[in-house]
Amino acid sequence: MSRDAKVLAAYLATGIFSVALAFAVSVQWMGRSSAQEGGSAESAPGDSPSESGLPSAADLEQLGQAPPNSAQSDLQEIEGFLQPYIYDTNNRRDPFEVYPDFVPSYTPTDPNQGLGLDQMRLVGIMWDIKKPKAMFQLPTNEIRVFGRDESIGNRDGYIAAIREGEVVVVESSNRKGETVYRTRVLRIER
């Protein structure tokens, strides 16, 4: 016999032995299942419980208990999971409705956040200083001075940069559960 034939025979013998051993172990540990028994009670009353550890129907009848109807108990268990779910729409949003643009519902503590950027007007920039400042005119003709990284507007905005002649404002909004940032460049009106 050639070397390749010997190796092939060894693999084949090992495979057959492995399958036979697995079958013998599974029969030894698992035994016959109740589906294979056909539902008949082969043990006499007073015998030890079946291999599954549960008493047989004859044992239960001897004790004066009716055997459980497994089909009915299974059906009742399944019906518990199939109860219809009713979605209560009171104080909840419609899950199929698109998210609206996020508008903060909080009351701002800073009076600068109560107004929208469209209500304010950029009127001046202090440029030749160490930290540049932007001057905005409010609808009440009051002038407010803002620096870099200060909050402004009612959409959770902040001043990202102050350049010569313009101010960069970043606002955030919530769309479809994600925060979206919007950059606006405000220029001095002449």
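The values are calculated or read from the model by the stated rules, or taken from the named source; none is laboratory data. Worth saying up front: this structure is predicted, and the values here are computed from it rather than measured. Methodologically, a virtual Cβ is constructed for each residue, glycine included, from the backbone with ideal geometry; neighbour enumeration extends over all protein chains shown. What goes into the accessible areas is simple: the full protein's heavy atoms, side chains included, and nothing from ligands, DNA or RNA. Shrake-Rupley method; radii C 1.70, N 1.55, O 1.52, S 1.80 Å.
Side notes on the structure shown:
- For residue 19 and residue 142, the difference between the fully extended length at 0.36 nm per residue and the C-alpha to C-alpha distance is 35.2 nm.
- Ranked by solvent-accessible area (1.4 Å probe, protein heavy atoms only, all chains present), the residues 122, 115, 12 order from largest to smallest as 12, 115, 122.
- Within region 116-142, backbone nitrogen closer than 17 Å to the virtual label 7 Å beyond the Cα of residue 184 toward Cβ: 116-124, 134-140
- Sequence of 162, 16 when ordered by accessible area, the most exposed leading, probe 1.4 angstrom: 16, 162
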